[in-house]
Each structure stands twice: as structure tokens, then as C-alpha cells.
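What follows is a short report on a single structure.
The values are calculated or read from the model by the stated rules, or taken from the named source; none is laboratory data. Owing to the predicted nature of the structure, the values given are computational and were not obtained by experimental measurement. Here the Cβ is made from the backbone with ideal geometry for all residues, glycine too, and neighbour counts use every protein chain on show. Surface accessibility is based on the protein's heavy atoms, side chains included, excluding ligands, DNA and RNA. Shrake-Rupley method; radii C 1.70, N 1.55, O 1.52, S 1.80 Å.
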Amino acid sequence: MTLGLLSVILVAIFLGSVAQRIAGVGFALLLSPILVMLLGAHTGIMMINICSVVSCGLIVPRVWADINWNMFWWLTIPATLGTIGGSFIAVNVPSAPLVVTVGAVVIFALGLSVMLHRASVTVSGNPPKALAGLGSGLTNSLAGVGGPTVSAYAVLARWPQREFAGTLQPYFLVICLITVGVRTWLNPSHLPQLDWWMWAALAVMIVVGIFTGEKLLRHIKDDHARVAVIIMAFVGALAALIKGLLDLNG
């Protein structure tokens, strides 16, 4: 990996970490389209999941009091099934279709989130939680993006933002660990091949992003943060979709 490429990835990881700390989601939405374009779909998705484990692991102690453990289990158990199934599918799919999938999933999810914020429909009970977890695990293993499904559920269930953001940190920690483990077992060649100092630089940037997000929490409204994440994620997803389509036709 060249220093130029590493620099672009570090900036993306910094922005994703800031978004994750402020809004509870956004890390994968921002990173997934960028990393799959720069590293290829399989390696990019693996790096997203590895970095998510580090990011969420660092945030969990800071949001411990906000975690709803009952909700965590209702999301995590179905998500584990979706993650394992999606991983078996993903390792057998060529890179270009996966890049298209990443771009399409992110664009669809962003459009859905905008529409749902204007909807008056609400959901309740445990089945919607389980379906949200199952879908999240599936899309996380296939495209490196597990947040949109649970975010849609949060909007429809009127889940308070603070508890939502807290609960998603151990949730993503678990499903990303499972994704990395299963996909490494199925095909170890998909792991990013980086020098130790590059991994260290990624970890440092995640830490800096988290603490920057924590400082900005006092000054940025949740709605403003969501709008910024949506705009940046849409641009990246559109670029990924175009690149994947060009690769398919090239």
C-alpha cells in the first residue's frame, strides 16, 4: 500500500470515527464505498469490519450506561445468523458485483432513512427487532454496512437517540467480530495485507476520531450530524456504484 493511498484511508477512518461517536452510526456508511473502491470489495469489507471492532470496542465503555441489553440480545442473535449466511455468500461472489452491491445498498438505505424520518408509521414488539437484526447482519457481511436496517427500525420504533447510539456499539462489536472470523476462516486471502505500523496508524486515527467526535458532541446537533453523514455517504456510494458498473462492463 502506498503512502498516498494510506493517507486517504486514514482521513476516511477519521471522519467515520467522528460520525460514529456523534450519531452512533456512520462509520461503515462513510467507509464502505471508499474502501471497496480503493482496496477491492473483499479486502475493503474486511478492513471496515476490523476497524469497526476497534472503534466500537473503544466507545462501549464510554456509553455503558446508555446500553439497552434486552434490545442488544434481540438484535444480536438474529444478526449472527444473517452474518454467517451472508459471509458464505460473499466469499463466493466476484469483486465487481460486490462493489455494485455496496453502492446500491448504501444509496437505498440513505433514501429509506430520509423517507422514514417523515413517516408517521410506528412498529412495536419483538419480531421487528429480530428482522432488523437479521437484515443488518446480512448486509454487514455482504457489503460492510450493517447500520441502515437497525437505523430504519430505530426510526419506526421511536427509539431514543442516546440509547440507540449506546446499544449499537456492543452490537456492532459482536457482529463485526463474527464477520471477520467467519470470512477469515472461509478465505484468509481477503484479510488486508498491511505492515504493523499501518495498522497502528489506523488505530491511532480511530482514537483521534472518537475523541474529536466527543468534543464536537457539545456543539453539533444530532440532525446536523445525520445530514452531513448522509451527504458524504451518498457521494461515496454513488462513486462506488459507478465504478462497479464500469468494472462489470469493462
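List of remarks:
- The label point for Asn187 and the one for Ile84, both projected 7 Å from the Cα toward the Cβ, are 2.1 nm apart.
- Under a model in which nothing but the beta-carbon of Lys, Arg (+1) and Asp, Glu (-1) is charged, the chain shows a dipole of about 380 debye around its Cα centre.
- Peptide ranges 8-21, 88-101 listed from the most packed, as the mean C-beta count within 10 angstrom indicates: 8-21, 88-101
- The alpha carbon gyration tensor of the range 1-60 gives principal lengths a ≥ b ≥ c with a/c of 1.5 or higher and a/b greater than b/c, which makes the shape prolate.
- Carbon/sulfur fraction of accessible area - the chain, other protein chains in place, 1.4 Å, %: 72 percent
- Sorting the segments 40-49, 76-85 by their mean number of nearby beta carbons within 10 angstrom, highest to lowest, gives 40-49, 76-85.
- A convex hull fitted around the alpha carbon atoms of the chain yields 116 Å³ per residue.
- Full extension of the segment from Leu238 to Asn92, taken as 0.36 nm per residue of separation minus the current Cα-Cα distance, would add 50.1 nm.
- Value of D in µm² per second that Stokes-Einstein yields for the range 54-101, Kirkwood Rh from Cα pairs, at 25 °C (0.890 mPa s): 184 µm²/s
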